[in-house]
Amino acid sequence: MTLNTYLNFSGQAEEAFKFYAETLKGEIVGIFKHAGSPMASQVSADWQDKVMHITLKAGDSVLMGSDVPPGHFKPSQGFSVTINLDEPAEAERIFAALSDGATIRMPLQQTFWAARFGMLVDRFGIPWMINCEGGKQ
């Protein structure tokens, strides 16, 4: 069994996933837009270039998502995408990148369980937790 996170956006899925690919040193391995798909007739002309499905592979993990048509989108809540790392420097790099335009819920810092831990909601409205148990100092 594999569990993957599926994220919903209100029109910024492609921009978000390009940012996540760069930040997480991953690769977008698939992107499908409404235009040219069997779903094309079910969305408005201004929604044709929006993402119907996108997949990002980063390390051994997969992150998926899509744009949700107007009137159906609800902001993310009740979960966080968690990144577990071994190196404090990598935790700091990723947290700093995701922090651009974000709301910081807990600054990245040493805790009793981790060398670095922090929480934020990125500029796309996605909640993240960065956890680095390795290299505890």
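Values computed for the structure shown
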quantity: Residues of region 1-29 satisfying the condition of being part of a strand (DSSP E or B), within 14 Å of the chain's Cα centre (by Cα) and over 20 Å from Pro70 (Cβ atoms); calculated: Thr5, Glu27, Ile28
quantity: Residue ranges of strands (runs of 3 or more DSSP E) in region 30-114 with at least 3 members over 19 Å from Gln12 (Cα atoms); calculated: 81-85, 103-109
quantity: Subset tally (residues that are among the hydrophobic types (A, V, I, L, M, F, W, C), out of contact with any Ser or Thr (no Cβ under 9 Å at 6 or more places or on another chain) and exposed (fewer than 13 other Cβ atoms within 10 Å of the Cβ)) for region 52-95; calculated: 1
quantity: Hits in region 100-118 - residues which are under 18 Å from Ala21 (Cβ atoms) and in contact with a strand residue (DSSP E or B) (Cβ under 6 Å, 6 or more places away or on another chain); calculated: Ala102
quantity: Members of region 103-118 that are buried (at least 19 other Cβ atoms within 10 Å of the Cβ) and aliphatic (A, V, I, L, M); calculated: Leu108, Ala114, Ala115
quantity: Selection status of Asp122, acidic (Asp, Glu) and exposed (fewer than 15 other Cβ atoms within 10 Å of the Cβ); calculated: no
quantity: Options Asp67, Asp49; residue that is of a type in the set (Asp, Glu), in contact (Cβ under 8 Å) with a residue 12 or more places away in the chain and over 20 Å from Asn4 (Cα atoms); calculated: Asp49
quantity: Residue list for region 23-43, filter: free of Cβ contacts under 8 Å to residues at least 12 places away in the same chain and on the phi < 0 side of the Ramachandran plot; calculated: Pro38, Ala40, Ser41, Gln42
quantity: Test: residue in region 33-50 that is surrounded by 18 or more Cβ atoms within 10 Å (Cβ to Cβ) and within 21 Å of Asp122 (Cβ to Cβ); calculated: yes
quantity: Out of Thr103, Thr55, Thr23, sole residue that is assigned by TED's automatic domain parsing to the domain that holds Val121 and of a type in the set (Ser, Thr, Tyr); calculated: Thr103
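The values are calculated or read from the model by the stated rules, or taken from the named source; none is laboratory data. Just so it is clear, the model here is predicted, and its values are computed rather than measured. Positions of Cβ are backbone-derived with ideal geometry, glycine not excepted, and every protein chain shown enters the neighbour counts.
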